[in-house]
Amino acid sequence: MSEELKLKNQVCFPVYNLAKEIISLYRPILKDLDLTYSQYIVMLVLWENEEQNVSEIGSLLNLDSGTLTPLLKRLELKGFIERKRKATDERVVSITLTEEGRNKKEKAECIPTQLVEALDISIEDLSELKRITEKITNQINKIK
């Protein structure tokens, strides 16, 4: 077997494994907010901009509507968001935070700090990881 095909020499596996492990660190932190990681990143978008349509959220999070729609339905059932069709164009579904959804933001303020503490790694290393990850993602998006 060639060295290039050994798992230990692949770039994809440690990146995949890291993403999986980081998301698993979020689980106990997000449990108190009654959010999954996927729901949390949707809420991050809405905390930043209280009204977004489904396609805007999907574009920001790189999620298709088949993945996003069930997520949004669950957030609506929990009472965190409202989904409404636009009167001007019924194909567009607008997503807004409810009062309860807005209140979750205050409770979520400590999450980034808790994650950094759980990782036990320097802010500088995390910033470098983020920078390199974004650089690679941007390069891949140029190729597409």
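All of the numbers you see were taken from the coordinates with simple rules; none came from a lab. Owing to the predicted nature of the structure, the values given are computational and were not obtained by experimental measurement. Every residue, glycine among them, receives a Cβ derived from its backbone with ideal geometry; neighbour counts consider all protein chains shown.
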When region 61-90 is checked residue by residue, the ones that are in contact with a strand residue (DSSP E or B) (Cβ under 8 Å, 6 or more places away or on another chain) and under 28 Å from K144 (Cβ atoms) are L72
Name the residue, out of D32, D64, that is loosely packed, with under 15 Cβ neighbours inside 10 Å, in contact (Cβ under 8 Å) with a residue 40 or more places away in the chain and over 16 Å from R102 (Cβ atoms).
D32
Condition check for G101: surrounded by 12 or more Cβ atoms within 10 Å (Cβ to Cβ), on the phi > 0 side of the Ramachandran plot and out of contact with any Pro (no Cβ under 7 Å at 6 or more places or on another chain)
no
Cβ-Cβ under 8 Å pairs, at least 6 apart or on other chains, region 129-144 side without any contact (Cβ under 8 Å) to a residue 40 or more places away in the chain and loosely packed, with under 10 Cβ neighbours inside 10 Å, far side part of a helix (DSSP H, G or I) and of a type in the set (S, T, Y)
none
Residue among L46, L33 that is under 20 Å from L61 (Cβ atoms) and touching a strand residue (DSSP E or B) at 6+ places or on another chain (Cβ under 7 Å):
L46
